[in-house]
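For reference, the structure is listed below as structure tokens.
The values are calculated or read from the model by the stated rules, or taken from the named source; none is laboratory data. Note that the structure is a prediction, hence the values are computed from the model and not measured. We place every Cβ from the backbone using ideal geometry, glycine too, and count neighbours over all the protein chains shown. The protein model used for the area step is the full one, side chains on, heavy atoms only, and it has no ligands, DNA or RNA in it. Shrake-Rupley method; radii C 1.70, N 1.55, O 1.52, S 1.80 Å.
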Amino acid sequence: MRGRKGRKRYMSRLGLFLCFAVVCVMCVFINYKKIVLTGKMEKLVKKQQSVEREIASENARKEELEKLAVDVNTKKFIEDTAREKFGLVYKDEIIFEPSDDN
């Protein structure tokens with residue numbers, strides 16, 4: 001009879017030890033995954049911030065282009081562009097250019 005009781009106690013301790021070992025392995029695995037996911041999350045947060053900065057700069061560029069689109073249709077813009085890029089002037093204008101005699 002004593003053999004059965006000892007064997008039961010041994011099996012009970014073995015079962016308890018195995019449960020403890022499984023719990024420890026699970027804790028280690030969960031902590032490892034937590035570290036990996038934390039690293040990924042930090043990378044994604046940096047990427048998100050970068051994308052948000054890009055969006056802000058593109059929105060600013062969009063506003064500039066919208067202003068330019070409005071200005072392009074004005075007579076003043078057309079005159080300035082013709083003067084700067086093509087050197088065009090009105091018939092009654094006199095152009096003074098600096099001389100190269102320095």
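Quick one: in region 1-22, which of the residues that are exposed (fewer than 10 other Cβ atoms within 10 Å of the Cβ) and assigned to a helix (DSSP H, G or I) is modelled with the lowest pLDDT? Outline the logic, then answer.
Taking region 1-22 as the starting set, the residues that turn out to be exposed (fewer than 10 other Cβ atoms within 10 Å of the Cβ) are 1-5.
Adding the requirement that they be assigned to a helix (DSSP H, G or I) leaves 2-5.
Numbers: ARG2: 54, GLY3: 63, ARG4: 70, LYS5: 72.
Among those residues, the one meeting the criterion is ARG2.
With the structure loaded, tell me whether PHE96 is in a loop (DSSP other than H, G, I, E, B) and of a type in the set (A, V, I, L, M, F, W, C) or whether it fails that test.
Spelling it out, PHE96 is indeed in a loop (DSSP other than H, G, I, E, B) and of a type in the set (A, V, I, L, M, F, W, C).
Out of GLU42, GLU54, GLU79, which single residue is part of a helix (DSSP H, G or I), open to solvent by less than 70 Å² (accessible area, probe 1.4 Å) and either charged (D, E, K, R) or touching a residue at least 60 places away in the same chain (Cβ under 8 Å) (or both)?
Working: GLU42 fails: open to solvent by less than 70 Å² (accessible area, probe 1.4 Å); GLU54 fails: open to solvent by less than 70 Å² (accessible area, probe 1.4 Å).
The unique qualifying residue is GLU79.
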